[in-house]
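*Asks:* I have a structure here, written as structure tokens, and I will follow up with some questions on it.
Values in this text are rule-based calculations from the coordinates and carry no lab data. Everything numeric in this text was worked out from a predicted model, so none of it was measured. In this analysis, Cβ positions are derived from the backbone assuming ideal geometry, glycine residues included, and neighbour counts consider all displayed protein chains.
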Amino acid sequence: MTRDPEHVAVKYASAAVLGAVACLVALNTASSTTSDELLRSCQEIVSRVRPQRGGEVDIPQSGLTCWYYMSAIQNMSVLETPRGVRLLGICAPPETTLMDYVRVFVAQAPKRKTQSDNAAALAVVILSESFPCNSNPHSH
């Protein structure tokens, strides 16, 4: 039986994405972060962080969970199949910052959080709807 190379690539990339998210969650706490906890952490960043010289930001301890989640999602959002299809369905413009991801999540999560207590899944759904691949001419 011959396997389609794209199917195999998607299978391995999906496993890598799930593994990375699992590691991220495991690093933070022994239990998984809920969508409410992620939202509170992201709200801390939005309410307390102000840009400093050079565009750097100082993330408060209470915002680190959010920062790590969004950073992992932003890094994984560029993973593609061999045919150029984004695995997470997030096609943010190249100039989109990590703070943009956080702000979008904070703006949208209160409207959607009842749909999922899985923080990572909720964040991916919100970001993929906010940065869809079919409407961004610079993405695949």
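*Asks:* What helices (runs of 4 or more DSSP H) lie completely within segment 41-140 and have 1 or more residues being free of Cβ contacts under 8 Å to residues at least 24 places away in the same chain and among the β-branched types (Val, Ile, Thr)?
*Replies:* 119-130
*Asks:* For Ser77, state whether it is in contact with a strand residue (DSSP E or B) (Cβ under 9 Å, 6 or more places away or on another chain), surrounded by 14 or more Cβ atoms within 10 Å (Cβ to Cβ), of a type outside the set (A, V, I, L, M) and under 25 Å from Val57 (Cβ atoms).
*Replies:* Considered against the rule, which asks whether it is in contact with a strand residue (DSSP E or B) (Cβ under 9 Å, 6 or more places away or on another chain), surrounded by 14 or more Cβ atoms within 10 Å (Cβ to Cβ), of a type outside the set (A, V, I, L, M) and under 25 Å from Val57 (Cβ atoms), Ser77 comes out as yes.
*Asks:* Counting only residues that are within 13 Å of the chain's Cα centre (by Cα) and among the hydrophobic types (A, V, I, L, M, F, W, C), which one in segment 80-97 is surrounded by the fewest Cβ atoms within 10 Å (Cβ to Cβ)?
*Replies:* Filtering segment 80-97 for residues that are within 13 Å of the chain's Cα centre (by Cα) and among the hydrophobic types (A, V, I, L, M, F, W, C), the one surrounded by the fewest Cβ atoms within 10 Å (Cβ to Cβ) comes out as Leu87.
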